[in-house]
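Asks: Let me begin by handing over the structure; questions about it come next.
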Amino acid sequence: DAKTTQPNSMESNEEEPVHLPCNHSTISGTDYIHWYRQLPSQGPEYVIHGLTSNVNNRMASLAIAEDRKSSTLILHRATLRDAAVYYCILRDHPGNQFYFGTGTSLTVIP
Amino acid sequence: EAQVTQNPRYLITVTGKKLTVTCSQNMNHEYMSWYRQDPGLGLRQIYYSMNVEVTDKGDVPEGYKVSRKEKRNFPLILESPSPNQTSLYFCASSPARLKSYEQYFGPGTRLTVT
């Protein structure tokens, strides 16, 4: 089973960029890298996903290392509403299981 | 509004008393899943279903049952709850299209078993 490793917690100042790292050294060629976040007292919500190339959407950017053994979620300008637990997950394609792990708790300092 | 709903949101019960937590989605998604969330352990997948009448075990299926008789519903059944099943439970759904596996999560059900 492919697993991910993330720092337990990180801090960022408001309106500054945030780089959230994730290691997934056992990733296989068909594993997609997904990121979700969980705001306090809510269910997780999808942020972004990718396979090999860097990806951008309205919420964030995902930078994937060339060897795919690590990735970084980039929030371009952190806001107080971005304070959440961020999960890096591998999902085998066309696999059906998700492995969430414990995630990174992001604190945004005003 | 596209959503995943769970009921009840909060439940306190006693050991051994059978209970069902319902999950329903209105997005016509093929894939549905149940997770439990415990402090220090993150989210762990209990069961998932790729479509009607197709269910599979996740990482922590012991003590749980599921059924998928209709596409929109995926109830979680605890036949004989025990205190170690006290947890926060989330239901999720997603389309099963090849490139789009974004999961939509429900609001959660906090279960306490005494």
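Asks: If B:Asn73 meets every condition in (1) over 19 Å from A:Asp92 (Cβ atoms); (2) buried (at least 20 other Cβ atoms within 10 Å of the Cβ); (3) in contact with a Cys (Cβ under 9 Å, 6 or more places away or on another chain) apart from one, which number is that one?
Replies: If we test B:Asn73 against (1) over 19 Å from A:Asp92 (Cβ atoms); (2) buried (at least 20 other Cβ atoms within 10 Å of the Cβ); (3) in contact with a Cys (Cβ under 9 Å, 6 or more places away or on another chain), just (2) comes out false.
Asks: A follow-up question, please. Do you know which residues across region A:96-110 are within 9 Å of chain B (Cβ to nearest Cβ) and not in a strand (DSSP E or B)? Break it down into steps so the answer makes sense when it comes.
Replies: Of region A:96-110, the ones within 9 Å of chain B (Cβ to nearest Cβ) are A:96-103.
Within region A:96-110, A:Asn96, A:Gln97, A:Phe98, A:Phe100, A:Thr102, A:Gly103 meet the criteria.
Asks: While we're here: If a residue has to be aliphatic (A, V, I, L, M), modelled with pLDDT under 95 and open to solvent by 40 Å² or more (accessible area, probe 1.4 Å) to count, how many in region A:9-54 make the cut?
Replies: Count: 1.
Asks: Could you say which residue among B:Ser24, B:Ser67, B:Ser80 is at pLDDT 95 or above, out of contact with any Lys or Arg (no Cβ under 9 Å at 6 or more places or on another chain) and away from chain A (no Cβ under 11 Å)? Spell out how you get there, then give the answer.
Replies: Numbers: B:Ser24 fails: out of contact with any Lys or Arg (no Cβ under 9 Å at 6 or more places or on another chain); B:Ser80 fails: out of contact with any Lys or Arg (no Cβ under 9 Å at 6 or more places or on another chain).
Result: B:Ser67 is the single residue among B:Ser24, B:Ser67, B:Ser80 that is at pLDDT 95 or above, out of contact with any Lys or Arg (no Cβ under 9 Å at 6 or more places or on another chain) and away from chain A (no Cβ under 11 Å).
Asks: Given the conditions (1) over 13 Å from the mean Cα position of the chain (by Cα); (2) open to solvent by less than 20 Å² (accessible area, probe 1.4 Å); (3) modelled with pLDDT of 95 or more, and given that B:Lys18 satisfies all but one, which numbered condition is not satisfied?
Replies: Tallying (1) over 13 Å from the mean Cα position of the chain (by Cα); (2) open to solvent by less than 20 Å² (accessible area, probe 1.4 Å); (3) modelled with pLDDT of 95 or more, B:Lys18 fails exactly one: (2).
Asks: Identify the residue in region B:1-15 that is hydrophobic (A, V, I, L, M, F, W, C) and not in a loop (DSSP other than H, G, I, E, B) and, among all such residues, is least open to solvent (accessible area, probe 1.4 Å). Walk me through it before giving the result.
Replies: Of region B:1-15, the ones hydrophobic (A, V, I, L, M, F, W, C) are B:2, B:4, B:11-12, B:14.
If we keep only those that are not in a loop (DSSP other than H, G, I, E, B) too, we end up with B:4, B:11-12.
On the way: B:Val4: 12, B:Leu11: 48, B:Ile12: 132 Å².
Checking each candidate, the answer is B:Val4.
Asks: Separate question: Which residues, taken from region A:59-95, are part of a loop (DSSP other than H, G, I, E, B) and not charged (D, E, K, R)?
Replies: Pass one, region A:59-95, residues part of a loop (DSSP other than H, G, I, E, B): A:59-60, A:65-69, A:76-79, A:83, A:93-95.
Across region A:59-95, the qualifying residues are A:Met59, A:Ala60, A:Ala65, A:His76, A:Ala78, A:Thr79, A:Ala83, A:His93, A:Pro94, A:Gly95.
Asks: Among the candidates A:Tyr86, A:Tyr99, single out the residue that is open to solvent by 30 Å² or more (accessible area, probe 1.4 Å) and either at pLDDT below 95 or aromatic (Phe, Trp, Tyr) (or both). Don't jump to the end; show me each part of the working.
Replies: On the way: A:Tyr86 fails: open to solvent by 30 Å² or more (accessible area, probe 1.4 Å).
After ruling out the rest, the residue left standing is A:Tyr99.
The values are calculated or read from the model by the stated rules, or taken from the named source; none is laboratory data. Nothing here was measured: the structure is a model prediction, and the numbers come from that model. As a convention, Cβ positions derive from the backbone with ideal geometry for all residues, glycine included, and neighbour counts pool all protein chains shown. The area values use the complete protein model at the heavy-atom level, side chains included, leaving out ligands, DNA and RNA. Shrake-Rupley method; radii C 1.70, N 1.55, O 1.52, S 1.80 Å.
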